[in-house]
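First the structure, in the form of structure tokens, and then the observations on it.
No lab work stands behind these numbers, since they all come straight from the coordinates. Fair warning: this is a prediction, and the values are worked out from it, not measured in the lab. Reconstructed Cβ throughout: ideal geometry from the backbone, glycine too, with neighbour counts over all protein chains shown.
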């Protein structure tokens, strides 16, 4: 009778990932590899050594994680399992957008209304294009800094009428692709040089002759 004794698994000497330091909305894959060690099956986990299994083999291709994740690899066979080698894949949080405002002056039009678009008060607002973020601008009347996350208060443009002549505070809202927002304040000064509102200053009374 022949008795075959399988050796105990030997732990990998290291583990690595082909990609690291990418953005949270990355749509690619990562390839995990383990170096050295021996056993029947190379098992990978994503929370701890022996925790939640995510796949086997080397290389192991997985969708990019959305948060920084440490992966663990160990060799296993019928006699047991080795200790783990690990690799941490760092995921970069998308930076928030930057809102930059400018004050403007506008004139009431022939219908007694003037429209101000969000872009009119924008002064170079931005989102991080390197992480695939693009900005969308909107505007609201008044100081809405405390409600910047409430997109329902904002619209692409606002109208000013004859009862709003003079300086008016508005809020510019910048929302990027991942939903993060930033806001800033600007002053829109509304004038009526063409007297479209019928509000010309009174003329001085005539003085009698003599």
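Starting from the coordinates of the alpha-carbon atoms of the range 1-150, obtain the Kirkwood hydrodynamic radius over all distinct pairs and give the value in Å to one decimal. Walk me through the numbers on the way to the answer.
Values: mean 1/r = 0.0503 Å⁻¹.
Final number for the Kirkwood radius of the range 1-150 is 19.9 Å.
Modelled spin labels at residue 134 and residue 19, positioned 7 Å past Cα toward Cβ, are 2.1 nm from each other.
Calculation over all alpha carbon pairs of the range 14-92 in 5 angstrom steps from 0 returns a P(r) of 3, 17, 28, 25, 14, 7, 4, 1, 0 percent.
Give the calculated FRET efficiency between residue 162 and residue 123 to the nearest 0.05, with a Förster radius of 25 Å applied to their Cβ-Cβ distance.
Details: r = 28 Å, r/R0 = 1.10.
The computed FRET efficiency comes out at 0.35.
Centre-to-centre separation between the Cα atoms of the range 86-108 and those of the range 1-64: 37 Å. Within the chain, antiparallel bridges make up roughly 90 percent of the DSSP beta bridges whose residues both belong there.
With viscosity 0.890 mPa s and temperature 25 °C, the Kirkwood radius over alpha carbon pairs of the range 104-191 converts through Stokes-Einstein to a diffusion coefficient of 182 µm²/s. Summarising the strand pairing of the range 14-92, around 90 percent of its internal DSSP beta bridges are antiparallel.
Using R0 = 45 Å, the C-beta based FRET efficiency linking residue 67 and residue 197 works out to 0.20.
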